[in-house]
Amino acid sequence: MKKTIKKQKAVLIILLSNIFIAFLGVGLIIPVMPTFMNIMHLSGKTMGYLVAVFAVSQLLVSPLAGQWVDRYGRKKIIIIGLFLFGVSELIFGIGKNVSVLYLSRILGGFSAAFIMPGVTAYLADITSLQERPKAMGYMSAAISTGFIIGPGIGGFIAEYGVRMPFFFAAAIAFLACFISIFILKEPITKEQLAEISAKTKQTNLISDLKKSLNPLYFIAFIIVFVLAFGLSAYETVFSLFSDHKFGFTPKDIASIITISSIFGVIVQVFMFGRMVDFLGEKKLIQLCLVIGAILAVASTVVSSFLTVLVVTSFIFLAFDLLRPALTTFLSKAAKKEQGFVAGMNSTYTSLGNIVGPAMGGILFDINIHFPYLFAAVIMVIGLGITVMWKEGHLSESVAK
């Protein structure tokens, strides 16, 4: 019998803190990147490549990290991920040339590939099927909160030096790593790990990708891709779109993103579990895709600050609810293969994060409305795919 979330508060807080710190570190550097770009005389193309190389390295390592989570244990992979994250931020902070920055971003991608599946699998191990949606909602809220307060903290710390946010991110990552070593305990036994490892030993990236084509997983993974693609494309062009079309200032744009994100976090923490209980994962995912598609189109016709804020808030909410709903579905379907599923979840997310911004930028150059209209089309396709999603497959899997 697994303990309830209430009885595992300390472990839950550490796990959520770890994922929070990783995404806080990402947000911390946002305010200083333009200054950093000017100091080092970097082109916009180079900055774009620095974003892409993070996602590419995460993509390549995620399947391996998923296997290692099942083979060596959740705790070890989380600790390695935190350590790599700290090293990557430290290197970026002291970097004086582009090659060093690329090395930092590659290590950052590795760290994300380790931390995400490690924490996801750990949470799945320590929670019951009934409480798992709540736990995944907490994790998604921790990710969103990191993004929300990261830029604000980064801007404040940057007053003491443009490189200070990187050093701060490194420090808190090393602290989280140290605490995790002494507080976290491996959630499954060596015997269970050996049993899972025996199944994963002969697998590799190609075999894992083939395995992800299993109808039980594939539709969910495709929607993971759609989510990452749509959200990254939307976020990539949002500030450009707002500036070009409405003349919004950076303060206006920051206010919209912050308010929208806080709204999403509040709903995730207090409502997500109830919404899953009432609708089920499949219906909630479909509802979010419908709302996202409609509001993506609406984004091209609204004009006032208030209407942009409302539309953006509900689009972000749709994406924020999609993420934990999909993660919950996959963790239920995975049974003992939590590492594999969490790793492939990260892989398909990375694919979306690579393709989404690239397509968004290309379409924006053609017409500023096209990225949003294209995102709507992608979400409608995703909705169509869910129609083929047989919930019976899931119940059969859980019952086995």
| field | Of all residues in region 234-263 being of a type in the set (G, A, S) and under 24 Å from T328 (Cα atoms), the one that is modelled with the lowest pLDDT | value | S261
| message | Every residue in region 263-272 that is within 16 Å of I149 (Cβ to Cβ) and touching a helix residue (DSSP H, G or I) at 6+ places or on another chain (Cβ under 6 Å), please. | response | F263, G264, V265, Q268, V269
| said: I'd like to check something: does region 270-279 contain any residue that is at pLDDT below 85, in the same structural domain as N345 (by TED's automatic domain parsing) and over 13 Å from A325 (Cα atoms)? | reply: yes
| Selection within region 295-318 - without any contact (Cβ under 8 Å) to a residue 60 or more places away in the chain, hydrophobic (A, V, I, L, M, F, W, C) and out of contact with any Asp or Glu (no Cβ under 7 Å at 6 or more places or on another chain) | L295, A298, V301, V302, L306, L309, V310, V311, F314, F316, L317, A318
| task | Can you tell me which residue within region 62-95, out of those that are of a type in the set (G, A, S) and over 21 Å from the mean Cα position of the chain (by Cα), is modelled with the highest pLDDT? | result | G93
| task | Sort through G108, G25 and tell me the only one that's part of a helix (DSSP H, G or I), modelled with pLDDT of 85 or more and in contact with a helix residue (DSSP H, G or I) (Cβ under 6 Å, 6 or more places away or on another chain). | result | G108
| said: Based on this model, can you work out whether I115 counts as touching a Leu at 6+ places or on another chain (Cβ under 9 Å), part of a helix (DSSP H, G or I) and surrounded by fewer than 24 Cβ atoms within 10 Å (Cβ to Cβ)? | reply: no
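The values are calculated or read from the model by the stated rules, or taken from the named source; none is laboratory data. Quick caveat: nothing in here was measured; it's all calculated off a predicted structure. Positions of Cβ are backbone-derived with ideal geometry, glycine not excepted, and every protein chain shown enters the neighbour counts.
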